[in-house]
Amino acid sequence: MAAAISRERVRTVGLALVGLLIFVFAIIPVVESILHAPRCTAGPMLNSVLATLGIFVLLAARNPSAHRSLILFAVWSSFAHAAIMLVTSFQVPAQRAVLLASAAVTALAGVLLMICVPSRSEQASVGAPLKNA
């Protein structure tokens, strides 16, 4: 019983921390683009979506079992984003270091989120109707 509570607490804290970090690191370029006109509009648009995802992961931390699909989306979108940055780092040598570092951080966020995904049995127990006592 204590192990289950401890695991749930670690999951909650982990999701909250990763969600907050996703939000912070995504919103900074958005704010910068508002203050100074960006050279390209694609970056701020993508970062606004990532900031929104960070907020929803942060909200999912309150009840991870009820938000398993959202957490899985965050995991796989992080892996996809990291893969695209990795490929792009070889296509744009001038930005290789930044893209490789960003890809590594994004992949790490995906791994941390993957660790926090509740099992299907935990998800099923959330939606199960209460028995009359």
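The values are calculated or read from the model by the stated rules, or taken from the named source; none is laboratory data. Because the structure is predicted, anything quoted here is derived from the model rather than measured. Positions of Cβ are generated from backbone atoms using ideal geometry, with glycine treated the same way; all protein chains shown enter the neighbour counts. For accessibility, only protein heavy atoms count, side chains too; no ligands or nucleic acids. Shrake-Rupley method; radii C 1.70, N 1.55, O 1.52, S 1.80 Å.
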Worksheet item: Which of the following residues is closer than 21 Å to Val117 by Cα and either part of a helix (DSSP H, G or I) or not β-branched (Val, Ile, Thr) (or both): Ser89, Ser77, Ser33, Ser48?
Response: Ser77
Worksheet item: What is the number of the single condition among (1) open to solvent by 40 Å² or more (accessible area, probe 1.4 Å); (2) over 19 Å from Arg120 (Cα atoms); (3) hydrophobic (A, V, I, L, M, F, W, C); (4) touching a helix residue (DSSP H, G or I) at 6+ places or on another chain (Cβ under 6 Å) that Ala2 does not meet?
Response: (4)
Item to complete: Have a look at Phe56, Phe25, Phe73 and point out the one that is farther than 23 Å from Arg7 by Cα and either open to solvent by 70 Å² or more (accessible area, probe 1.4 Å) or in contact with a Phe, Trp or Tyr (Cβ under 7 Å, 6 or more places away or on another chain) (or both).
Response: Phe25
Worksheet item: Name the pairs: first residue in the stretch 95-113 and under 9 Å from Ser78 (Cα atoms) and hydroxyl-bearing (Ser, Thr, Tyr), second residue open to solvent by less than 70 Å² (accessible area, probe 1.4 Å) and in a helix (DSSP H, G or I), Cβ to Cβ under 7 Å, at least 6 apart or on different chains?
Response: Thr106/Ser78; Thr106/His81; Thr106/Ala82; Thr106/Met85
Practice prompt. Under 9 Å between Cβ atoms, at least 6 apart or on separate chains: pull out the pairs that start in the stretch 28-41 with a residue that is open to solvent by 90 Å² or more (accessible area, probe 1.4 Å) and end on any residue that is assigned to a helix (DSSP H, G or I).
Written response: Glu32/Pro44; Ile34/Pro44
Worksheet item: Out of all the residues in the stretch 76-90, which are open to solvent by 50 Å² or more (accessible area, probe 1.4 Å) and touching a Gly at 6+ places or on another chain (Cβ under 8 Å)?
Response: Trp76, Phe79
